[in-house]
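Q: Have a look at this one.
A short reminder: the numbers here are calculations on the coordinates, not readings from a lab. All of these numbers come straight from a predicted model, not from anything done at the bench. We place every Cβ from the backbone using ideal geometry, glycine too, and count neighbours over all the protein chains shown.
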Amino acid sequence: MTAMAGHARLETRALARSVGAVRGPLAVLALLAFVLSGSLIAGDRLVAAHTTSAFRAYLAAQSAAQTDLTATSTVSAASAATLAEATAQTNALVPSGLAGAVTPVHTAVIAQPGTWRKAAVIGHRSVTWAPQLSLASSPQATAAARYVQGSAPACPAGGCTAAGVLPIGVSQATADQLGLGVGTRLVLDPPTGGAGLTVQVSGIFAASGGTGAGAGSGHAFDDLGTLVQPRLDEWVPQLGPYAGQSNMQWEAEVLVPPAALSVVTTWQPAHATWRYHLEPDGLAGSAAATLSAEIKSRISSANLLGLGAAFSADTFSTHLAPTLDAFATLDASASALAEFALAGTAAIALAVLFLAIRILLGRQSTALALLRARGASGAVLASWIGVQALLVCVPATVLALLLCRTLISSAGHGALEWAVAGCGALGAPVLAASVVARAPRVASASRRRRGSRWIGRGTALLIGAVAVVGVRMRTGTGTGVDPLTALLPSVLAVDAAVLVSMLIPLLVRPAARLAGRGRGLVGYLAAAAAARRPTVDLVTAGALTAAATAAVFASCFTATLGTARVTESWQYVGADLRVSSVAGSGGALDPDALAAVAAAPGIAAHAEASVFAEQSLLVPQGGVSVTVYVVDPAEYRGLIRGTPLDTPAVESELDALSAAHGSAGTVPALVSADLLGLVQGLPSGSGPTIVLAENTLDLAPLGSAAAFPPATGTSSYLVVPRAGLSQALPAFQTGSTVAWYTYKPGVTAPPAAAARVPASAVATRAETMGGYGNDLLSALSAWISRAAGVLDVLLAAACVLLAAAATAKARAASSAFLLTMGTRRRSAAAVSVFETVPMLLAIGVAAVAAGYGAAQALLPALAAIGGVPRPTLATLPPGALLAALAVPALGVLVTTAGAGFGREAQLSFQRTGG
Amino acid sequence: MLSQLNRLEAAVSGPAEVYGGDAHVVCDRVVRIYQTEDVEVQALQGLDLLVGRGELMAIVGASGSGKSTLLGILSGLDAPTAGRATVAGFDLGALSKRDRLRYRRATVGFIWQNTAKNLLPFLSAADNVALPMAFAGGGRRARRARALELLELLGVADCRDRRPTQLSGGQQQRVAIATALANRPEVILADEPTGELDSATAAQVFEALRGANRELGVTVLVVTHDKAVSEHVGRTVEIRDGRISTETLRAGLDPAADADGADASGTGTGTGVVAEQYAVLDRAGRVQLPREYTDAAGLRDRVRLTLDPDHVGVWPGHTRPPAPPAPAPISSEDASDD
Ligand SMILES: Nc1ncnc2c1ncn2[C@@H]1O[C@H](COP(=O)(O)OP(=O)(O)OP(=O)(O)O)[C@@H](O)[C@H]1O
Ligand SMILES: [Mg+2]
């Protein structure tokens, strides 16, 4: 009675023993921690790896000009120190993130070649046949050159001077052409007059550049265009070949030692290039956006600062930043799609976690009650359960982390990885401990509790409603997925679970009453069992609902995107196949060739149109440039019948158009929405006129704004019926410039005749269907959503198994009870299955509603993602309905199997004492 | 009017007389109502009970009469819906979270009927006994020593390193008693501790409780169906319909029997020498008449009461009382509820 609260603590030995008593649930928890953190970390790393390889492939596919960072400048009289400083300055252009991935190539070539002061090889009156040599310096080229004779040019011990002899290296080809050998000494005169420079060949090299002898040397000669292949000029065109030789002017670049550059630039200004050639092998895909921003800021500040007094016309430029931006945009879209795909997965993961904790606590309920009665405080119990869970979750998470880190070398998002590991290690323990810490309410507060249950339900539903409204309100703002958006499926899953808990009694009570009236014992028992609480307790039903909701959401999401892609491909092509006249050729398509295509066996329907771009629509206010489509409305309507392009609005328009007649000089037309205001309500006599291929016609606009499918994306357009046009302008004959074809069912490839239409371009729907219009985005997001799908299936299976385990005992006990009363085994099994039917129905309905609702609510957010089709309505595929029932049904079957009708059940019955 | 005011004033200023005074366990019109989805069960309907310090008392009653409910409230695991329950100065209806912990740890020990519910299956007997001491704080060695001492006291010292599953039912219950005694509680509550045991073992277990009561001075309340137990305690109360209906005192068995101060108007049961059964008159003036009596005298619905100088007579409503000068006869409804 002396030592009181405050000293209360946990017996470590008791704790250790207790772990042994619940090793089953703890093993499940450990497995869960391992799978959850492992899959998330591995997923992140794999996605990062995939993104990185896509990134590298994307950059490697760009030309060097698109990815290089360059600085160019004109240098004159620069000292070695100034040059070194300039190089250091340009080196600073390269962001630290690119440090390992760029190869610097510094080249300086004198602005105008010097002329070799030498008697003409063949003296002919006034012709001086003198080669011109450009002195060039490049440390990288010097290093990459392989000397076949002599050695690389190097300044003598005292350094190179303008007065001394400057050593040069010449390429093999240059040496052959100009008859140079090691030791040849020549004098170069500057083009502008002034002192000549004496140079001496110190080595002859084979340029291994270009053909790529080794890494790094590949681009060493990029800025030395004439070095490898001396340029040939017809020096004196009328001279003609001499002695079998062309009359040639040689121009070549020769290498001077980099140390001699200051001497050279003092002699003559040089064009300097600092090129940083990107080798994407060292880059991580996740860094694209930051790299781009950094490069942009460095380039702009470098352009502001310049290189210094010795340099003029400094230019720092790169196409790398826009290239990186393009990739980052695609990557953001892909990961936004991935987050959508993973949003439902979070719901299942939570459900699974709740179930595992519930089982862990359920197994220890007696022990916990005893401990509580013996005076264990909430804190002691919480730490008891928390430590139990920690003991397994921490090692499991650490193991998962280590495995991921060793097996998948690519680095993921570091912070995310640690966050996941932290959640994996601590999430379940904290959750379990906080459940236990809450002491059961002692006072007779059941009335209050019922009240708070309603408050809880109401709050959950309210949060769901607010979340949906919140997500819908943000139409068009933001480009990616924010937490609210990603959480929506989970929130709605919780709401669905709440609804299930309210629906089940509504469903079950009348059923129980009905079954009680009938004779069937099985029906009666099943209904009574269903009405009983344990099978339909909130946690189990909630977990199954969450899993089913996530499954429905995932399939709705995929189906919605798929359907949207199909619709988009229809809008883009206009049919299964489109043959259009090549822009520029101007003329109409060959009617015979088009007829041949239409007659091909695989073609179901066809329609042709003449499209006139940039025609003038004249209204009193002025003229507007419009595109005019001349079609046969009935024919076009036949083409699109039954396709996604076929909407009631389009149909009624086309019907109105084919019913309208033209008269001499007046043509009926549908006008696009933006033109409607211009052409309507004009006083008679000053109505709109259209100048169509230099014929002026009065326009009789039909009432409503047009939504002509082939014109999707075109702003101002008119649709004119072919018949009406010929009535208005009998003399005007026009061929078709575009033709659409739909395939018969089962046909996938265009007929061979389509390729034989002269001067035409062929587009098929099949080829635009492949992805989101961008291969990279398709590849990225397809990969990610596959990974999410695998995770969904894995977790849903875990959820089903855990739900089965959680309810198995109650069901086994009740069915064992039936068996001991002499019920036939089959009847007992039937009762066990039937008793779950109301729960299944309720879960199915709630999951379909919540999953579809989430998909529908997320459409605006989806549309905000770049490069993704914009569906207006979510699609509920039959697979979703199947998933909504399959998840809980599987749970029931497993439970029934787990209830083990027979010895096992009887044993457990005896053990639990009935 | 004025006198009424005066009386009210007196009631406010004067020292209010608290029911039960300094009794160790006080139940003052304790009501416990269970509320489930659609039914309300009144398990206790204004129960009054006083138990003196160091008393050993048995509680009997038909199944469903509310015995376990009463013990649940007294153990601090449950709380009364209305009324006041006080144990060793703790008002159980208004315990703070902290006080509830203190109460469970050090003031009360509990033993359930189901042997499996009393001990943690994964701990040895000694560890089980030591566990509550760990909650209350205290050195490991002291705990161990006290655990062994208690096991010794209860005659199960040789079982100290065995797990509960390796013990017989009687041994388990005795270890459970040791566990309940671990923190030197003032009150031990036992809900049918011998329910699962044969009579010989039950006697052993009961003897252990009696020993604890005698040697440690602990107040013990035992719920039992076992005649052998109830006949060996000085005071047995019977609960009927959520109230104490009768009380049996056994002279010579328990001298503390009168410490409760209940107004006991006795009628000899005629069963024998030692035991005397009393009906209990509660503070609202209600008495539960034993069924045999009401049946035998044909008492139903309405009865007539007569006040004689030394007793009150109860007559069937349809007969005239024989006594010549009855002061105004009082009609009384059968006080089953209000
Ligand atoms: N948790 C509960 N919810 C609803 N009613 C309850 C609950 N616990 C007990 N009751 C009801 O309260 C009444 C008293 O129950 P209690 O367990 O106290 O009886 P008891 O005297 O211990 O019976 P037994 O001798 O059978 O153990 C009974 O009618 C019982 O049905
Ligand atoms: Mg009981």
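Q: In whole Hz, what ³J(HN,Hα) sequence does the stretch B:111-126 give by Karplus (6.51, -1.76, 1.60; θ = phi - 60°), x for Gly and Pro?
A: Each residue of the stretch B:111-126 in turn: 10, 8, 5, 6, 4, 5, 7, 8, 10, 7, x, 9, 10, 6, 4, 5 Hz.
Q: Would you please give the FRET efficiency between A:Val19 and A:Ala60, computed as 1/(1 + (r/R0)^6) with r the Cβ-Cβ distance and R0 = 51 Å, to the nearest 0.05? Working shown, then result.
A: Working: r = 54 Å, r/R0 = 1.05.
FRET efficiency, A:Val19 to A:Ala60: 0.45.
Q: Can you order the peptides A:346-355, B:311-320, B:226-235 by their average number of other Cβ atoms within 10 Å per residue, highest first?
A: Descending packing order for the listed peptides: A:346-355, B:226-235, B:311-320.
Q: Could you work out the mean count of beta carbons from other protein chains within 10 Å of each residue's beta carbon in A:13-20?
A: 4
Q: So, one more: Using the per-residue mean of other Cβ atoms lying within 10 Å as a proxy for protection, in what order, highest first, do the peptides A:102-112, A:399-409 fall? Don't skip to the answer; put the middle values down first.
A: Numbers: A:102-112: 21.5, A:399-409: 14.9.
In decreasing order of mean packing, A:102-112, A:399-409 become A:102-112, A:399-409.
Q: To check you understand DSSP bridge types, tell me what percent of the beta bridges within the stretch A:588-758 (both residues inside) are antiparallel, rounded to 5. List each step's numbers first, then the result.
A: Details: 25 of 36 bridges.
Counting only bridges with both partners in the stretch A:588-758, antiparallel ones make up about 70 percent.
Q: Evaluate the relative contact order of the stretch A:588-758 (contact order divided by residue number), counting alpha-carbon pairs under 8 angstrom at least 6 apart; express in whole percent.
A: Working: 320 pairs, mean separation 65.0, N = 171.
After rounding, I find 38 percent.
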